Amino acid sequence: MAIGPIQLLKQASPAQRRTLLAAALGWMLDAFDAMLYALVLAYVMRDLGMSKATSGLLYTLTLLASGIGGVFFGFLADRIGRKRALMLSILTYSICSFASGLSTTVLMLAVFRFILGLGMGGEWNTGATLVAETWPDELRAKAISVVQSSWAIGYALAALVAGIVLRYANWRMVFFVGILPGIVTLWIQNRVPESQMWLEHHKTPTHDIPVEDSFLLIFRAPYRKSTIALLLLNFFGLFAWWGLFTWIPPYLSLPVELGGRGFGIMGTATLLIVLNLFGMFPGYISFGWVADHLGRRKSFMLYTFAAALLVPLYAMARSQAVLLLLGTIVAFFGTGFFSGSGIIGSEIFPTRVRARALGFTYNGARTLSSIAPYVIGRVGQAKGLSWAFYLCGAAFLLASLMATQLPETRGKRLE
């Protein structure tokens, strides 16, 4: 019987609902802090004298750090538990978001954004692993999609906050707001249970295996092909996503003569809020239901191929109405498929390496894709951002091709 998000929550136990809420809040606030930079980028560029290429390079540093942080926190989550690693990652990105507002030089901002990236990368795999190990097999895909969908809420919230704060203060105050997510860790500490699956496996002799041996398991049969395919799918998808959505805010707000679309602050904020709430959010949340119906692999192929077709059309659009409509559809397909990474990754890899495997295949891909904001910025500087977005469409097409190499894991029980 088909169930919706409300029925999904009703079928869960109180502990499962709290676990879902903790992971969703962590991911939502991760998006909130991460996207504040993109939303104030035009003002930071002006005040600190940064070019488009330098601005993209700073985002590249954040993504590079997120890859490192994802692998590091994955190891940490497999050692000290999913819950404690999740709390530490949230505290890291919250404190560094606040510190970004104190920056007086490009170097200071770069250091704070790099450390923020460590926490940003660590949150995703720890939260996704916690939910995967807590929820029953038949509800796992839908639960992880609900968690992933919270990114869109965080992005929309960031757009709303930035739009309001920038009317009354400067970009530094926007970053100062980023400290607020740290409060969530107090609730997680008191109300969210640790994964029972992790606790049971942590007590077994398998955890006497050296760290390097257990990690290398994901590069051996039968996991090797899946590890590489999922890593590359995430890489191409993340390259396209970060290249596109890092530059959409300045693309919309910059004057037409500078390669933008000339919308004002609140106009840009409104477009981004609609894009997230009516594009990204349903895209993320729908993937779990589609994946349970079509299968994991076909769903990946559908979403990424649709995004590859739509991005070039978005790049050619001029009017606000068309940008709004196409942007919403691009956001639906171009972000929705990310829900699948946590779903299929948790079903491919065993418990003793699950968090670090997800950390490597998703956040390792973030490290590789960290060149995207810089590359798109450089190409945008030379040929215009519209032309640069065509590269993002090509990357989505390559992600679709990589999806054909993944195994089908629908209905698989976790090991």
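The values are calculated or read from the model by the stated rules, or taken from the named source; none is laboratory data. As the structure is a computational prediction, the values presented were derived from the model and not from experiment. Note: ideal-geometry Cβ built from the backbone for every residue, glycine included; neighbour counts use all protein chains shown.
What to note about this one:
- Residue identified as within 30 Å of Val106 (Cβ to Cβ), part of a helix (DSSP H, G or I) and β-branched (Val, Ile, Thr) among Thr54, Thr19: Thr54
- For segment 224-277, taking the residues that are among the aromatic types (Phe, Trp, Tyr) and under 23 Å from Ser386 (Cβ atoms), the one that is modelled with the highest pLDDT is identified as Phe236.
- Test: residue in segment 100-113 that is modelled with pLDDT under 90 and touching a Phe, Trp or Tyr at 6+ places or on another chain (Cβ under 6 Å): no
- Whichever residue in segment 272-321 is out of contact with any helix residue (DSSP H, G or I) (no Cβ under 9 Å at 6 or more places or on another chain) and of a type in the set (Gly, Ala, Ser) and, among such residues, is nearest to Ser339 (Cα to Cα): Gly295
- If the condition is being surrounded by fewer than 23 Cβ atoms within 10 Å (Cβ to Cβ) and either over 18 Å from Ala372 (Cβ atoms) or touching a Gly at 6+ places or on another chain (Cβ under 6 Å) (or both), then segment 46-56 contributes Arg46, Asp47, Leu48, Gly49, Ala53.
- The residue of segment 53-111 that is farthest from Arg172 (Cα to Cα), among those that are free of Cβ contacts under 8 Å to residues at least 12 places away in the same chain and hydrophobic (A, V, I, L, M, F, W, C), is Ile80.
- Counted residues, segment 154-204 - those being farther than 24 Å from Val44 by Cα and of a type in the set (A, V, I, L, M, F, W, C): 9
- Selection count where residues are surrounded by fewer than 23 Cβ atoms within 10 Å (Cβ to Cβ) and not β-branched (Val, Ile, Thr), scope segment 88-108: 9
- Among residues of segment 345-354 being part of a helix (DSSP H, G or I) and out of contact with any Pro (no Cβ under 8 Å at 6 or more places or on another chain), the one that is modelled with the lowest pLDDT is Arg352.
- Selection from segment 313-338 of residues that are without any contact (Cβ under 8 Å) to a residue 60 or more places away in the chain, of a type in the set (Gly, Ala, Ser) and over 24 Å from Tyr362 (Cα atoms): Ala317, Ser319, Ala321
- Meets criteria (over 23 Å from Arg297 (Cβ atoms) and basic (Lys, Arg)) for Arg378: yes
- Helices (runs of 4 or more DSSP H) fully within segment 146-214 counting 2 or more residues that are at pLDDT below 90: 184-191, 196-202
- Verdict on Arg378 being surrounded by fewer than 22 Cβ atoms within 10 Å (Cβ to Cβ), farther than 26 Å from Leu277 by Cβ and basic (Lys, Arg): yes
- Members of segment 372-401 that are of a type outside the set (Phe, Trp, Tyr) and under 13 Å from Gly237 (Cα atoms): Ala372, Leu391, Cys392, Gly393, Ala394, Ala395, Leu397, Leu398, Ala399, Ser400, Leu401
- Condition met for Glu123 (touching a Gly at 6+ places or on another chain (Cβ under 6 Å), outside any helix (DSSP H, G or I) and either within 26 Å of Ala34 (Cα to Cα) or among the acidic types (Asp, Glu) (or both)): no
- Residue match in segment 376-393 (condition: over 19 Å from the mean Cα position of the chain (by Cα) and outside any helix (DSSP H, G or I)): yes
- Tally of residues being hydroxyl-bearing (Ser, Thr, Tyr), crowded, with 22+ Cβ neighbours inside 10 Å and touching a Phe, Trp or Tyr at 6+ places or on another chain (Cβ under 8 Å) across segment 340-369: 3
- Of residues in segment 355-408 being modelled with pLDDT of 90 or more and of a type in the set (Val, Ile, Thr), the one farthest from Thr126 (Cα to Cα): Thr404
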